[in-house]
1. Give me the pairs: first residue in the stretch 307-336 and under 11 Å from residue 256 (Cβ atoms), second residue of a type in the set (D, E, K, R), beta-carbon distance under 8 Å, and six or more apart or on different chains, which are they?
2. Do the conditions hold for residue 267, that is, is it without any contact (Cβ under 8 Å) to a residue 40 or more places away in the chain and either farther than 24 Å from residue 349 by Cβ or not β-branched (Val, Ile, Thr) (or both)?
3. Would you confirm, using the coordinates I've provided, whether residue 267 is part of a helix (DSSP H, G or I), closer than 30 Å to residue 96 by Cβ and touching a helix residue (DSSP H, G or I) at 6+ places or on another chain (Cβ under 8 Å)?
4. Among (1) surrounded by fewer than 18 Cβ atoms within 10 Å (Cβ to Cβ); (2) in contact (Cβ under 8 Å) with a residue 40 or more places away in the chain, there is one condition residue 412 misses while meeting the rest; what is its number?
5. Whether any residue in the stretch 117-125 is closer than 24 Å to residue 280 by Cα, modelled with pLDDT under 90 and surrounded by 19 or more Cβ atoms within 10 Å (Cβ to Cβ) is what I want to check.
6. Is there a residue being at negative phi, part of a helix (DSSP H, G or I), among the aliphatic types (A, V, I, L, M) and in contact with a Gly (Cβ under 7 Å, 6 or more places away or on another chain) anywhere in the stretch 370-382?
7. Against the conditions (1) surrounded by fewer than 21 Cβ atoms within 10 Å (Cβ to Cβ); (2) modelled with pLDDT under 85; (3) hydrophobic (A, V, I, L, M, F, W, C); (4) within 29 Å of residue 271 (Cβ to Cβ), where does residue 114 fall short? Just the number, please.
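The values are calculated or read from the model by the stated rules, or taken from the named source; none is laboratory data. Computed from a predicted structure; not experimentally measured. Here Cβ is always computed from backbone atoms with ideal geometry, including for glycine, and neighbour counts include all displayed protein chains.
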Amino acid sequence: MAQVTDIFSNIGKGNLIRSQTFVSLASQFGLTAIGFLSTVYFTRLVDPALVGIYFLFFSYYTLFYLFSESGIGEASVKIISEGHQQNSYYSASMTLRLIYLVLCIICLAFMAIFFPSAVLMNVSIFWWVIAALIIDFIYNSRIYAAYADGKVNAFQVSLFLNTAVRSFIQIIFVYLGYHTFGLEGGFFAGMIAAALFVHRYNSLKLIRFSKKQLQHLLKYAVLVFLVMSCYLVYQNIDVVMIGHFMSETHAGIYRIIYQFSMLAGLATISMKAVLYPKFSAWNEKKEIKSITEGLRGGTTVSLMLAIPIFFSFLILGHDFIFLFYGNTYTDGVTALYWLSLIQIVTVFMYLQGMCLNAISHPKYAFLSIAAGIVSNIILNLLLIPNYGMEGAAIATTISMSINVVLAFILLKKSIQVHYDWKSAAKMIIVSLVMCGFLILFKQFLPITNVALLLIAFTVGGLLYGFIMLIVDKNVRNEVFGMARTFGIKIPKDW
C-alpha cells in the first residue's frame, strides 16, 4: 500500500471527520472531568444512603432503557444513515420506542402490584424511574435522530450538555440541602436541556411507514442489542465474579480502577461515534475503500491516546490511585496496568465490532464478542481464585484478544483490513522515551501531591505529542489539518 500523507487523506470529506473527531474528543474529556468531579463532591457532602438510593435509581433506569438506546437507537442510526426512506424509518423508530416505553411502564406497574416489598418500592424511586423513562423517550429520540442524520457534532454536544446541566443543577440543590430532589431533579434537567438543544438540528419528519419497515428495524435492533449487551457483560462480569470469590470491597476497588483505566479509551469512543453512521452510508454506496481507510485512520487516532496512557500509568499508576482515591485502592494498582493494556486491545475490539455492525454483519459482531465472553467467564473461574483482581484483568485481556482475532477474521471476509503498524511502533518507542522522562521527574521531584502528579502527566504527554509530530508525518499532517479546520493558520509546508 502506498504511503499516505494524512490519516484520513483517502476519505472524502476528511475535514468533516477531523472537526467531528475534535468535537467528540473534547466532549468525551469534558464528560469524564465533570462526572469525576461531581461524583467526588456528592460522596463528600451527601449521606451515603442517599447516594446509594440515587445510584439504585440510575441502575433501574439503565436496566429499563437499555434496549431503547442500545437496540432501537443503534439500529435507527444504522438504517437511517443509509439514506433510504429516512423519514419512514425515523417514524418507525419513534413508534417502536413508544411501544417499548408502554411495555416498560406496564412491567413496572406489575412489579408494584405483585412485589410491593421490592427495593424499587421501599426506597421511593418508583415514580422517579417512570418519569425518567418518559423523559428519556423524548431525549433519546431527539439525539439519535440527529446522530443518524449525520449531525455528529450536535449529538456529541448534546451528550456533554446533558452531563453539564445535570451536574450543575445537582450541585446547586445539594449545596442548598435538597439532596434527593437535587440528584434526581438534576438528572431530568440534563436530559430536557439536551433534548431542547438538539431538537433544532433534527430535519427528520414523522410520516406513514410500512409494517415491513417496522419489522426490519426491530430485527436489526434485537441483533445490535445483543452485541451491545455483550459489551456491558464485559464491563461487569469481572466485578460480579470478584465479589463472589473475594469480597465486595475488592469488587469496588476493581470497578473504580477499571473506570479510571477507561481514560485511555476516550479516543476510541469518539472515533466509534464519528465513524459509525459514515461507515453505514459508505456501505450502502459501496464505497468500501472509504470504510477500509476510515477503520485504519480511526484505529491510528485511537492508539495515539491509548498507547501513551498505558505507558504513563506504568510509571504514575500508583501515584494516581493513591492521591486520587486513597491508600485502600492501591491494592488495585497491578490490575490497573493490565486494565490499561486492555484499553489498547479495546481499540480494535470496539472499532472492528462497530464496522461489522455498520456493514450489515451484526451476527458476526455477536459471534466474535460472544466467544470472548465465554472465554472470559472460563478464565475468570480459573484465575480469580488464585490471582485475585490481577487474574480478572488477565482473563479479560486474553478474552478480548480472542474477540479481536475472531472479529478480524470475520471482517476480512467482507472488506480489506489493514492498519498503520509503522505509526503504532513509533507511538510505542516515543512512549518509552516519555517513560524515561517520567522516571527522571520522579527522581528529582518526588510526587507527593496532586499538583506535581498532574504536572508530570501533562508535561510527559506534551513531550510525547511533540516528538510524535516530528517523527511521524501522518500524525503531523492530521493534527495540523485538524487545526486548519478550525481556522488556525499553519504553513502548508510544515
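1. Between residues of the stretch 307-336 that are under 11 Å from residue 256 (Cβ atoms) and residues that are of a type in the set (D, E, K, R), the close pairs are 335/390.
2. no
3. no
4. (2)
5. No, the stretch 117-125 contains no residue that is closer than 24 Å to residue 280 by Cα, modelled with pLDDT under 90 and surrounded by 19 or more Cβ atoms within 10 Å (Cβ to Cβ).
6. no
7. (4)
Here is a yes/no grid of residues against (1) in contact with a helix residue (DSSP H, G or I) (Cβ under 7 Å, 6 or more places away or on another chain); (2) under 20 Å from residue 253 (Cα atoms); (3) outside the structural domain of residue 439 (by TED's automatic domain parsing):
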site	(1), (2), (3)
278	yes, no, no
285	no, no, no
294	yes, no, no
301	yes, no, no
305	yes, no, no
311	yes, no, no
339	yes, yes, no
352	yes, no, no
356	yes, no, no
